[in-house]
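Remarks on the structure that follows.
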Amino acid sequence: MMRGPREMRMARGWSFSKLNDDNDLTFNQLLGINNRGQIAGYFGSGAAGHPNKGYVLSLGRFSSFTNENFPGGIQTQVIGINDTGVSVGFWSTMNTTSMTNNNFGFYDWHGQFHSVNFPTGNNASPPVNQLLGVNDSDIAVGFYNGSKGNSHAYAYSIPGGWFHRIHIPGAVSSTASGINNRGDIAGFYTGRGGVTHGFLLGAHGHFYRLSAPGASSTMAFGVNDEREVVGTYMVGSGNNAKSFGFIWSRDFGFRTVNDPRGSGATTLNGINDNGDLVGFYTDRKGNTDGLLVAHGHFRAPFAPPLTTTTPTAAPTVTPTVKPTSTTTPAPVPTTPTPVPTGTGPTHF
């Protein structure tokens, strides 16, 4: 069978590079990458006395880490970044031993920080709001936790100041984690049976349920303009659980992508239009290391890449296609107000 240009490029393999901020070589996560080679991430495990600290890593001849932390916050994670450099994530005023901290979504508009929280009277205690992805139209996606602890996916327009609830069919808990310039949204949800599936929600309402073959759970974290989705899937449970990175598209199905230094402990979070991937893995010493999986035009200047490898092909799964809907958008509140319910396709 003839393969398309993108699949042919994938078959040539990727190079794997470890990228860690020198402020903490034991815990780094890279979570989003744009087409300019800017990567959103953070260091610090979040344990008491070891707070998350956000940064943007700019790749190039003079690559560098730039600190990005919400003013007055104790912890910050920078999670998504678009091609104009607008970034999103969440921040906290807490760094507790239990790691049960409040979370507030934010966006950084060229150095100006703004807090974003879904307007509801049904917040968890402490409240949890996170923005996880943003496209070039400055539409962000994320979730908040309700009073019963379940997550609820939503979209937020930075220029328009409105919110959309995102409805996932059959979901008890849902998270929107990535959005591309077409308005397609990637994320994951848990149904009444307790199984977690990834999803791709098309801008015109088509819904694709993503479940990696043989996986106990699948979570999608990022999507590019080619509608390629990245994330992680779990095999096994408890102490025997292993995590594997994946890339999926309708053209080639699932492909497993693991850093050779973190086999069974790799997560992929972001993908740009060139097919460069970012995420993290756990090494043999138990450290969490930032990961860049590149095709060649973005190379890590901090450490030589591992030998290029060819991704493992998992059996292709035909996605489940269903219509979906969102609720009517609400204006930006100055104080929390309920969002009216309704139906209709997602259009941004």
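The values are calculated or read from the model by the stated rules, or taken from the named source; none is laboratory data. Keep in mind that what you see is a predicted model, and the values were worked out from it rather than measured. Virtual Cβ from ideal backbone geometry, glycine too; neighbours counted across all protein chains shown.
Selection over region 134-152 of residues that are assigned to a strand (DSSP E or B), more than 18 Å from Gly270 (Cα to Cα) and among the small types (Gly, Ala, Ser) gives a count of 2.
Let's see how each residue does on (1) over 18 Å from Gly142 (Cα atoms); (2) in a loop (DSSP other than H, G, I, E, B); (3) out of contact with any Ser or Thr (no Cβ under 9 Å at 6 or more places or on another chain):
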site: Asp225; (1), (2), (3): yes, yes, yes
site: Thr232; (1), (2), (3): no, no, no
site: Asn239; (1), (2), (3): yes, no, yes
site: Phe246; (1), (2), (3): yes, no, no
site: Thr267; (1), (2), (3): yes, no, no
site: Gly270; (1), (2), (3): no, no, yes
site: Asn274; (1), (2), (3): yes, yes, yes
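Within region 44-84, the set of residues being of a type in the set (Gly, Ala, Ser), in contact (Cβ under 8 Å) with a residue 40 or more places away in the chain, closer than 24 Å to Asp273 by Cα and touching a strand residue (DSSP E or B) at 6+ places or on another chain (Cβ under 6 Å) comprises Gly80 only.
Hey, could you check region 93-121 for residues that are of a type in the set (S, T, N, Q) and under 21 Å from the mean Cα position of the chain (by Cα) and say which is farthest from His164 (Cα to Cα)? Checked region 93-121; the qualifying residue farthest from His164 (Cα to Cα) is Thr100.
Pairs linking a residue in region 117-136 that is farther than 23 Å from Met219 by Cβ to a residue that is charged (D, E, K, R), with Cβ atoms under 7 Å and 6 or more positions apart or on different chains, are Asp136/Asp83.
Only one of the numbered conditions (1) in a strand (DSSP E or B); (2) over 16 Å from Gly270 (Cβ atoms) is violated by Gly183, and that is (1). Within region 65-98, the set of residues being over 15 Å from Asn28 (Cβ atoms) and either of a type in the set (Ser, Thr, Tyr) or modelled with pLDDT under 95 (or both) comprises Thr84, Ser87, Ser92, Thr93, Thr96, Thr97, Ser98. The lone criterion from (1) assigned to a loop (DSSP other than H, G, I, E, B); (2) under 18 Å from the mean Cα position of the chain (by Cα); (3) within 17 Å of Leu201 (Cβ to Cβ) left unmet by Tyr156 is number (1). Scanning region 82-92 turns up one or more residues that are surrounded by fewer than 24 Cβ atoms within 10 Å (Cβ to Cβ), under 26 Å from Ser173 (Cβ atoms) and either of a type outside the set (Asp, Glu) or over 16 Å from the mean Cα position of the chain (by Cα) (or both).
Looking across Thr218, Thr175, Thr196, one residue alone is over 19 Å from Ile139 (Cα atoms), buried (at least 23 other Cβ atoms within 10 Å of the Cβ) and modelled with pLDDT of 95 or more. It is Thr218. Residue count for region 126-138, restricted to those that are closer than 15 Å to Asp225 by Cα and either among the hydroxyl-bearing types (Ser, Thr, Tyr) or surrounded by 22 or more Cβ atoms within 10 Å (Cβ to Cβ) (or both): 4.
When region 59-73 is filtered for residues that are surrounded by 16 or more Cβ atoms within 10 Å (Cβ to Cβ) and under 22 Å from the mean Cα position of the chain (by Cα), the ones remaining, listed by number, are Leu59, Phe65, Glu68, Asn69, Phe70, Gly73.
Looking across region 34-58 at every residue that is over 18 Å from Gly270 (Cβ atoms) and among the aliphatic types (A, V, I, L, M), the one that is nearest to the chain's Cα centre (by Cα) is identified as Ala47. Just wondering, is there one or more residues in region 59-76 that are under 22 Å from Ala155 (Cα atoms) and of a type in the set (A, V, I, L, M)? No.
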